[in-house]
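Rule-based calculations on the coordinates, nothing more; no lab input. Quantities reported herein were computed from a predicted structural model and do not represent experimental measurements. As a convention, Cβ positions derive from the backbone with ideal geometry for all residues, glycine included, and neighbour counts pool all protein chains shown.
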Protein chains: 2
Amino acid sequence: ALAASGEPGRRMPTVAAVLPAGGCGERMGVGTPKQFCPILERPLISYTLQALERVCWIKDIVVAVTAENMGVMERIVQKYQHTRVSLAEAGVTRHRSIFNGLKALAEDEPGCKLSKPQVVIIHDAVRPFVEEDILLQVALAAEEHGAAGAIRPLVSTVISASADGCLDHSLERATHRASEMPQAFLFDVIYEAYQQCSDYDLEFGTECLQLALKYSDTKAKLVEGSPDLWKVTYKRDLSAAESIIKERISQEICMVMDTKEDTERVGYLLEEVLKKELNNVKIVSGVRSHGGRDIQQITLPQCYNFVCVNGAASDFPETQQLLSVLEQSSLSILYPVVVVLVYFLDFKSVPLGQKMESLMWIREFAKEVKKRNILLCGLLICYPQDEQTLQESLKQGAAIIAALIKDRNPGLIGQLLVA
Amino acid sequence: ALAASGEPGRRMPTVAAVLPAGGCGERMGVGTPKQFCPILERPLISYTLQALERVCWIKDIVVAVTAENMGVMERIVQKYQHTRVSLAEAGVTRHRSIFNGLKALAEDEPGCKLSKPQVVIIHDAVRPFVEEDILLQVALAAEEHGAAGAIRPLVSTVISASADGCLDHSLERATHRASEMPQAFLFDVIYEAYQQCSDYDLEFGTECLQLALKYSDTKAKLVEGSPDLWKVTYKRDLSAAESIIKERISQEICMVMDTKEDTERVGYLLEEVLKKELNNVKIVSGVRSHGGRDIQQITLPQCYNFVCVNGAASDFPETQQLLSVLEQSSLSILYPVVVVLVYFLDFKSVPLGQKMESLMWIREFAKEVKKRNILLCGLLICYPQDEQTLQESLKQGAAIIAALIKDRNPGLIGQLLVA
Ligand SMILES: [Mg+2]
Ligand SMILES: [Mg+2]
């Protein structure tokens, strides 16, 4: 295959990936191994698998998990619809887990359904933000040099300690680097190294690049990686990962308008205010049905936030239809989807309280759709108002929408908010 | 003074701290230097100053900032009521900034109002979670050894690269450590080192411990620190710091009850549910006035979350009084304070909508108190209900309270939420 190899005409080697995921998470200070810690209710390792599956030229992904967690991992693969994932049993150390993963790929294993790749990528289950670019770079460098690994500049000075716990010397920061993941190897180079290395290496070693050097005489090519490659190690790293994921899925809001309604004009005003107030958020338009009939024809963008502008006459079945389109799209399998139903109401002609009571169905309905990972809220905005007050209300509405999308807190589903 | 030195009878040396804060934040990928980046609207450096000011035996804190940011820093010191802070001008490198900070403490400077300490702690403005314990350890070790610094195990393997960008060798992880902050020195040891060191050291060096070794022949004692010492370096670190701070100020909720009311019983039921549902959150009780007169006598705990249970007859002036007590307590100078006003209402006898309209004053009032960093919301719970439905409502109320406290999102102020 002529693959996305960066150089036109360069043939991509066959590539598989091995993820050691046998760790027990003692550094995290929590009971759950860190690769299984939830972010927006989905385990961290599923985000890493998603990142690898986005890359079409990685044919197989072998995850090494402990016998104890095999069932957990099988359910993760099924629930989040991972493809290309095979499981191997983890060993008691990281190196033994990687070795087991490699064995599953080696054709000499009896009953093995996977085929031996030319290049194998080794990555950590707890580095979910790996990009195709760096995967490609290490894979191609491995094909050329036999081994390659991502590196980063040192954040702290590294020092060598003397036996009495005092400073012996500090290292030159310019000539040293932190060795990160992903790494990649010609399969035969790393498999040979693992077969030859000592039990001591398998127990106490940490660095695959070092094994390739020592046992296969292969000097790894070092490739500068991005800060996103960092390893989720401490509890604070889980918070950081959650923030990054929340920010990524909050980049885009889809506005769904009910075109048959008199509120169309003010719907577009809201869209304008959202564009102005929510910097860095892209607002895309989806047009809703005329009278609910065409609703199946909405093409939903790959977007996890919907603001639906309803007129006074918009009714429950219509909203229900929209939400079932959402469910069928399977968008909410991977991330919680926020849906804000906006109602423009004349608070003078219909008392606000009365209108709120008539919208109480949103509360019960929100509990239902929460089961399918959809977070539903209502937002009431007074209309008509004089132009300046209206702008104020729309701005407050934008702030409420931003809060719901940014925090994605399930504790607030079903609420009717007022701007 | 016989200070909290860990050993009874050990005399504490006089101690000052120097914080280089001249960095420009290019790694953060944002315009603002990272020490001035806001967390809950307060600049990061203010959290670090707060951590140092909690330690009573640190007499003076010298912050080195660029001439350009001197005004910004002065306003931070004033707004967040920092004491013991003096400003010095930063140099163009980290070492020059530290040197300028030390000069401000040396008694040989003309017009200097600070006095020379026996021990000086050097810390980073971007390590806000430093604890008294590690500060004490490095200060005492510095008194004994001349120099001391916090270290951490390496998270990644460190490698040495050859000139052609390939692996030369990987370092033994067991004998190497990351050098972190705080560090401490006998003042004369480090000041002497700075006076003697070369321009090259001042321009390109990074490690104070190395200067003490090279120019004052002092081998620093290394002290194992906690993971919390990590340096806020990348944008994700700001998110992590925000999560840690939010979690810390969400540990405790103060329940304020209106004792004259018929809702007292259900108020205590809510308290029970909060205790059961919000794990790790301590619920403390504060009793409110009888008829509003005794409200000034409430002693507010050092707590940033208040749940106020109101009866049907609780009125606006009473709430206003409570909030002015809060303001006078200056709790909200450092952190946004969340106040949830809970109303138990018989939705059958008074329509929910009507009651909501009568509570619309909360919306305007919330805008007012937001100016003083108080985030106000209303929460309506139906009462009486049959026991099981009531328990469900109270659980939902607890989830709403948890969401408001955890996220502390100002976009939701003034909302009336329904459980
Ligand atoms: Mg390795
Ligand atoms: Mg230093």
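When +1 charges are put on Lys and Arg Cβ atoms and -1 charges on Asp and Glu Cβ atoms, the dipole computed for the range B:15-245 relative to its Cα centre reaches about 560 debye. Counting from the shortest, the label point at B:THR175, 7 Å from Cα toward Cβ, is 1.6 nm from the same position in each remaining copy. Put a dot 7 Å past the Cα of B:GLU131, heading toward its Cβ, do the same for A:ALA67, and the two dots end up 3.8 nm apart. For chain A, the mean residue ellipticity at 222 nm estimated from helices alone is -11000 deg cm²/dmol, where every DSSP H run of n ≥ 4 contributes -39500 (n - 2.57) and the total is divided by all residues, rounded to the nearest 500. Full extension of the chain between B:VAL92 and B:GLN320 yields a length gain of 77.0 nm, computed as 0.36 nm times the residue separation minus the alpha carbon distance. When only Cα pairs under 8 Å and 6 or more residues apart are kept, what is the percent relative contact order across the range B:251-418? Result for the range B:251-418 is 23 percent.
Here B:GLN320 yields copy-to-copy label distances, from shortest upward, of 4.7 nm, the label point defined as 7 Å from Cα along Cα to C-beta. Cα-based values for the range A:326-419, radius of gyration first and Dmax second, are 14.3, 43 Å.
Compactness check for the range B:13-110: Cα Rg over 2.2 N^0.38 Å is 1.06. Bins of 20 Å, beginning at zero and ending with the bin holding the largest distance: percent of Cα pairs per bin for the protein assembly as shown, please. Spelled out bin by bin, the protein assembly as shown gives 14, 38, 36, 12, 0 percent.
Label-point spacing at B:LYS113 relative to the other copies reads 7.8 nm, in ascending order, each point sitting 7 Å out from Cα along Cα→Cβ. If you model the range B:365-416 as an ellipsoid using its alpha carbon gyration tensor, with each semi-axis the square root of five times an eigenvalue, the axes come out at 26, 12, 6 Å, biggest first. Per residue of B:230-236, other chain Cβ atoms within 10 Å of the residue Cβ number 5 on average.
Here the Debye sum runs over all C-alpha atoms of the range B:167-261 as equal scatterers in vacuum, and log10 of I(q)/I(0) at q = 0.19 Å⁻¹ comes out as -1.07. Charge dipole of the range B:315-415 (Cα centre as origin; +1 on each Lys and Arg Cβ, -1 on each Asp and Glu Cβ, all else neutral): 440 debye, rounded to the nearest 20. Can you give me the C-alpha center-to-center distance between the range B:126-187 and the range B:66-86, rounded to a whole angstrom? Spelled out, the Cα-based centre of one part sits 29 Å from the other. Springs join every pair of Cα atoms under 10 Å in this Gaussian network model of chain A, and among A:PRO13, A:PRO38, A:PRO110 the largest mean-square fluctuation is at A:PRO110. Once the Kirkwood radius over Cα pairs is known for the range A:15-245, the Stokes-Einstein relation at 20 °C and 1.002 mPa s delivers a diffusion coefficient of 118 µm²/s. What the Cβ-Cβ distance of B:LYS59 and B:THR175 gives, at R0 = 41 Å and to the nearest 0.05, is a FRET efficiency of 0.65.
Amide H to amide H distances under 5 Å link A:ILE283 with A:ILE253, where only residues 5 or more positions off or on other chains count and H is placed in the peptide plane. Computed over the range B:251-418, the convex hull of the alpha-carbon atoms projects to a mean area of 8.8 nm².
Chain A versus the axis that turns it onto chain B: the residue with the nearest Cβ and the distance in whole Å amount to A:GLY353, 1.
Fully extending the segment from A:GLU364 to A:LYS348 would add 3.0 nm, taking 0.36 nm per residue of separation and subtracting the current Cα-Cα distance. Residues whose amide H lies under 5 Å from that of B:ALA220, counting only those 5 or more places away or on a different chain, are A:LEU167; hydrogens are built 1.01 Å from N in the peptide plane. Around the amide H of B:ALA88, modelled in the peptide plane, lie the amide H atoms of B:VAL63, B:ALA64, B:VAL65, all under 5 Å away and 5 or more residues distant in sequence or on another chain. Equivalent ellipsoid of the range A:40-177: semi-axes from √(5λ) of the C-alpha gyration tensor, largest first, are 32, 19, 17 Å.
Relative to the Cα centre, the charge distribution of the protein assembly as shown, modelled as +1 at Lys and Arg Cβ and -1 at Asp and Glu Cβ, gives a dipole magnitude of about 760 debye. Using alpha carbons only, the radius of gyration of chain B set against its Kirkwood radius gives Rg/Rh = 1.08. Where the alpha-carbon atoms of the range B:66-114 are placed on the principal axes, they occupy 31, 24, 14 Å, in descending order.
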